[in-house]
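The values are calculated or read from the model by the stated rules, or taken from the named source; none is laboratory data. Bear in mind the structure is a predicted one, so any value in this text is a computation, not a measurement. Glycine gets a Cβ as well: all are built from the backbone with ideal geometry, and neighbour counts include every protein chain shown.
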C-alpha cells in the first residue's frame, strides 16, 4: 500500500486532534473544543466564501468533536453543500457527516435526498456507492419513500457494477427492516432470487442477506431460493480451498457466504424434493466430516471460521429436526467441543446442545454428556459458561436423571454467582416439582433451596411448596416433620419460618403425637423466631397461632397470653394489631365447634400452571428458554401419559359428574373457606396463594360467627346444590356449619324412594328435630310425597335417616320443599331445602329405529310441542360421553343416526304410565369456527317445556 | 470519565436510536466488557442481545448481535476488519484510527453495510478504498502521516455496533 494513499492530510484537523490529546484535564479539553467551535462558527458565518477544502476540514472537525461526545447544532448545511461537490473526498466527508449526525430537519432531508438522487443517477459507481451507503446508514423513512422504488432497479440491472449491486442489495435490506411497507418486492422477486447464481461471490453474499430477510417475512415468495441456495452451498463445501481465491478465509471456503446460505435455509422446512434433500444432507455431512479433519492451520481464525460454518449447519439440522442420524452426529461433535481448550467453543457447544436436548431424536444422546456438563459447572472459570451449563442441565433433565441434576444444581448453588442464583433457584424448584415421583423428595429439595439460598427464593417458590403440600395429603405429615426439624437450626432463613409457620399451622397435629414435637414444643419453636421476622412473616405466624388454638386446645392459654401481650395487642403495625385483637377475641368467644369450622384446614388449591414457571419464562423471555412443556411433550411422553392415565382411571360417572356440574362452586370460594379467609382479611399472602374468595361475603360471615345464637334464626333456604341433582341421584344437597343433609334416591317407573340423611356436625345434640315436605297446590295433585317419621333427637356427630316415598301421578313442573326444624343450644333453627324431584327422574328409555324416530318426530309438529336450543359447546362432542350423559338423564337409548362425529343425532324416547313421548335430537356443528351444539326436543305434554333448559345444559 | 479509560474510538449503529440511548448503552457496555478477564469466552448475553468482543492490543472491538446470529463468524468479521485496517495503514495502531477516523469509517462501510458483510474479500475492499484514494485531488502541501504524539495508552476502546 503506497504511503500516498493514507489520508488526504487535513493538517488543521491533525493539529486539532493532537491539541485535544494533549489536554491534561477534562476542563482544558472542553475549553479547547469551545474555542474551535467558535472559530468554525465564525468561518461559516463569515462573508468570505469558503473553498471546498476548508469546508471539508471544518465539517470533519465538527464530526470529530461530535464523536468525542459533544453536541453539535450547526454545520449541517455546509455538510449538505459538500454532497454536491465534484471532488470525491469532499463528497465523502459530507456523506459521512450526514450518516453520523442524522437530523430530521425536513428541509435538510429534502436537500440531502436531492443530492443522493443526483449521485444515484450519475452512473459513476463510486458516487453511486457513496449514495447507497448513506441511505443504508441513515435508513430513515423519508429516504425509503424517496428511493425504495429506484434501488431494486439498480440491483437487478444488467449493466450495474458488482460493487454497486452489493451496496444496493444491503441498502434494500436496511430499508426493508425499517419500513417494510415501502419496499414492495413483487416484480423483482424472481430476479433477486436469481442473484444467488451470480458469478461474483461478493454479490451472492450481499444478496443472500437480503433474500434471508425477505424470506423471513414472506417465505412463499422466495421458495425458489432453496434449490439455488443448496446448489451454491454444495459447490462451496466441495470446492478445494483455493478455488474461491480471495473468498477463502484461512483455508475455509467462503465462510460468511456458507453461514448466510445455511441461515437462509433455516427459513424453510426440509426440501420435499428427494434429490434436493439428499444433496443438502450430503452438504451437511461434508461439513460435519470436515470438522473432524485435522486443521489446515494452527491459527484461531481457521478454526473459528470452520466452526462458524459447523455451528450454523448444526442449527439447520436442529431446525429441520428430521434426520436422526445427523442430529446424533451433531450431538457427538458438540460433545467433543465440551472439553475443548477454547472457552468459546465450550460455551457454544453448551448453548447448541440446549436446543438439541429438546429434539426427541437427540435427547438421549445429549444425556450421555451429563457428567461433562456437571464438571463444567464445577470447573469453568467463566460465569457465562457456567450459566450455559445450568441451562443445559435444565434442558436435559427428565425423570431418569432429575435427582442427580437437582442435587448438582443445589450444590452448585452454594457457590454460584449472585447474578444467576435466583434463576437457578427457580429452575431447581421447577425441576423438583415436575419430576417429583415422591413428594418427600420435593419437600426436601425446596427446604434445601431455602437453606442454601434463602434470599434468592422468591415468593412464588414458597407459595408453590405450600400449594403442593396442601393439595397432596400423602406428604403433609412428612412436610410437618421436616419443617419442624429444619426450624431447629439456630439461624434459619425467614422464608423457612414462613413455610414452617404455614405448614405447622395446618398440619402440626400430624406430628404432635411425638413428645419431642408436642404442641407446646412446636409453638415455642415458632415463637422463638417471631421477633426476628418482618411484619408479613409475623402476621403469618399469628395466623398459625390461632390455627394452633384449634388444633391443640391444650396450648390455648399459652397462645392467648402471647396474643394478649402489649407487643401484640398494641403493636404499631395495624395489621399485626388487628390480627392479635381479632384472634384473641375469636379464641375467647367462639365455641370449639365454631373454631373448628372457622379454622378448618385449607381446601385444596385449584390446579394451575406453576407460578414459578411463569416467572422463569418472564425472566428469561420465552425464546431463550427451551419451553419445558413443549419440549417435554416429545421427549418424555411419559409425564403426560401419566396424567392422561390418571384422567382415564377416573370412573366414567365421576367424569360425567365433573362435566355436568361445571358450575359447581370452586373449593376456594366455598362456604367453609370463607371464615378462614375472614381471619386474614387484608393480607396479601393469602391472596397470592390463589384464594380468590370475595371479601364482602367473608365480612358478612364474620358477623354470623360472632352473632349470638339466642334468638331464632331466620329460615335458611338453599338451592345451591340443586342443579347437580338434575342428572344425579346421590350427594349432599345442603350443608351449613351445623347440619349436613345427604340424599340417596332410586326411581322405578312412576315410583321413587328417597333416603335423606341428616348429619349433626356439632358436638351438641339437636332437639325437637322435625321435618315436613310441602308442595304447592298444583304439585300436590301431580306428585305424592309421603314421609316416614324421623327421630326427634340427633346426637352430637350422629346421623339419622329418613325415608320419603314418592309417586308421580302426572307430569309436573314444580319441586317439593323439605322443611327442617330443630333446636340447637336453645336456638330454633329453620331450614328449607328444595328436593330434587324432577320429571326426568321418572323417564324410561325406549329403543327405537331411526325410521320410527323420524316418523314420530314429524308427528309432533305443533309449536308448543317443540323446543330448540342452540348453545356453545365446551367440548367436541364425544359419542360415548354424550351417551352416558343423556342416559344419566334417563332419557333413553341412543341410536347413532348421523355419519360423522360433528353431525350426530340421537333419538331418545320415553314412555311413562301416561305414555307420552320425548324425542331429542342433538348435534354439533361449527359456526364461524366455534363449536356449537343444537338441541331439539319434541314432546307431547307442554309441561315439559321447562325441562329443556336443563337438557341444554347437559348437552354442553 | 477518566480519559484513559473506556474511550470510544469508533462507533457504528445499525439501528435507529436516540443519542441519549446510545450514550447509555455504550457506558453500560464499556463497563461490562472492561470487567471481563482474559481467557473468558468472547461472548456474553447482554439485554436481549449477544455481545461478541475481542481485544487487539489496546483496543477492544465489540459487536452486538441478535440471538440467532452466529457468534464465531462475527468474531471473524472483527478480525477481517482489523486485517483491513492493518493492510490499509500498514501495521495499524490506535493512533491511525484516531487521526484518520474518517478512513476507518470508509473502510467499515465498504466491508459492512446495514450490519451485514457486504464484501468479504480483502482485496476487493481495499481495491475500492484505493480507487477512492486515487480520486483525491493533490493536497495543498505537507507530509504523509499526521503528527504522531505518543502518550501512554491504557485501555482504549473501539466499538462497532453490528446490529441486525
Flag for residue A:444 being at pLDDT below 85 and either in the same structural domain as residue A:513 (by the TED database) or surrounded by fewer than 22 Cβ atoms within 10 Å (Cβ to Cβ) (or both):
no
Contacts under 6 angstrom Cβ, first residue in the range B:12-25 being closer than 21 Å to residue B:104 by Cα, partner surrounded by fewer than 19 Cβ atoms within 10 Å (Cβ to Cβ) and modelled with pLDDT under 80, 6 or more apart:
B:14/B:163; B:15/B:163
Cross-chain or 6+ apart pairs with Cβ under 8 Å, the range A:174-194 first and within 14 Å of another protein chain (Cβ to nearest Cβ), then loosely packed, with under 15 Cβ neighbours inside 10 Å and not in a helix (DSSP H, G or I):
A:178/B:16
Checking residue A:123 against (1) within 14 Å of chain B (Cβ to nearest Cβ); (2) under 24 Å from residue B:125 (Cα atoms), the condition it does not meet:
(1)
On the given criteria, is residue A:6 facing chain B (nearest Cβ under 9 Å), surrounded by 17 or more Cβ atoms within 10 Å (Cβ to Cβ), out of contact with any helix residue (DSSP H, G or I) (no Cβ under 6 Å at 6 or more places or on another chain) and at pLDDT below 90?
yes
Would you check if residue A:390 is touching a residue at least 40 places away in the same chain (Cβ under 8 Å) and within 14 Å of chain B (Cβ to nearest Cβ)?
no
Verdict on residue A:381 being within 14 Å of chain B (Cβ to nearest Cβ) and not in a helix (DSSP H, G or I):
yes
Does residue A:627 satisfy being more than 30 Å from residue A:729 (Cβ to Cβ), more than 14 Å from chain B (Cβ to nearest Cβ) and either at pLDDT 80 or above or buried (at least 18 other Cβ atoms within 10 Å of the Cβ) (or both)?
no
Residue tally, condition in contact with a helix residue (DSSP H, G or I) (Cβ under 8 Å, 6 or more places away or on another chain) and within 14 Å of chain B (Cβ to nearest Cβ), over the range A:229-279:
23
Please pick out the residue among B:11, B:31 that is more than 9 Å from every other protein chain (Cβ to nearest Cβ), modelled with pLDDT under 85 and either part of a helix (DSSP H, G or I) or within 16 Å of the chain's Cα centre (by Cα) (or both).
B:31
Taking the range B:105-128 and the residues there that are at pLDDT 80 or above and more than 7 Å from every other protein chain (Cβ to nearest Cβ), the one that is surrounded by the fewest Cβ atoms within 10 Å (Cβ to Cβ) would be B:127
What do you reckon, is residue A:487 within 22 Å of residue A:461 (Cβ to Cβ) and not assigned by the TED database to the domain that holds residue A:554?
yes
Do any helices (runs of 4 or more DSSP H) lying entirely in the range A:76-137 carry at least 2 residues that are closer than 25 Å to residue A:177 by Cβ and in contact with a helix residue (DSSP H, G or I) (Cβ under 7 Å, 6 or more places away or on another chain), and which ones are they?
A:88-100, A:106-121
Among residues of the range A:399-436 being crowded, with 20+ Cβ neighbours inside 10 Å and not in a helix (DSSP H, G or I), the residue farthest from the chain's Cα centre (by Cα) is A:416
Exactly one of these conditions fails for residue A:395: (1) under 22 Å from the mean Cα position of the chain (by Cα); (2) within 13 Å of residue A:347 (Cβ to Cβ). Give me its number.
(2)
Out of the range A:288-320, which residues are under 17 Å from residue A:270 (Cα atoms) and either away from chain B (no Cβ under 13 Å) or outside any helix (DSSP H, G or I) (or both)?
A:317, A:320
For the range A:183-198, indicate whether the set of residues that are under 34 Å from the mean Cα position of the chain (by Cα) and under 19 Å from residue B:118 (Cα atoms) is non-empty.
no
Those residues that are within 11 Å of another protein chain (Cβ to nearest Cβ) and within 52 Å of the chain's Cα centre (by Cα), I need them from the range A:71-91; list them, please.
A:71, A:72
If residue B:60 satisfies all but one of (1) surrounded by fewer than 23 Cβ atoms within 10 Å (Cβ to Cβ); (2) facing another protein chain (nearest Cβ under 7 Å), what's the number of the condition it fails?
(2)
Among the residues of the range A:783-814, write down those that are outside any strand (DSSP E or B) and either under 28 Å from residue A:839 (Cα atoms) or free of Cβ contacts under 8 Å to residues at least 24 places away in the same chain (or both).
A:788, A:789, A:790, A:791, A:809, A:810, A:811, A:812, A:813, A:814
Of (1) assigned to a loop (DSSP other than H, G, I, E, B); (2) within 7 Å of another protein chain (Cβ to nearest Cβ); (3) touching a residue at least 40 places away in the same chain (Cβ under 8 Å), residue B:98 satisfies every one except (1)
Taking the range B:63-85, which residues are facing chain A (nearest Cβ under 10 Å) and touching a residue at least 24 places away in the same chain (Cβ under 8 Å)?
B:69, B:71, B:74, B:75, B:77, B:79, B:80, B:83
Within the range A:156-171, restricting to residues that are more than 9 Å from every other protein chain (Cβ to nearest Cβ) and modelled with pLDDT of 90 or more, the one that is surrounded by the fewest Cβ atoms within 10 Å (Cβ to Cβ) is A:165
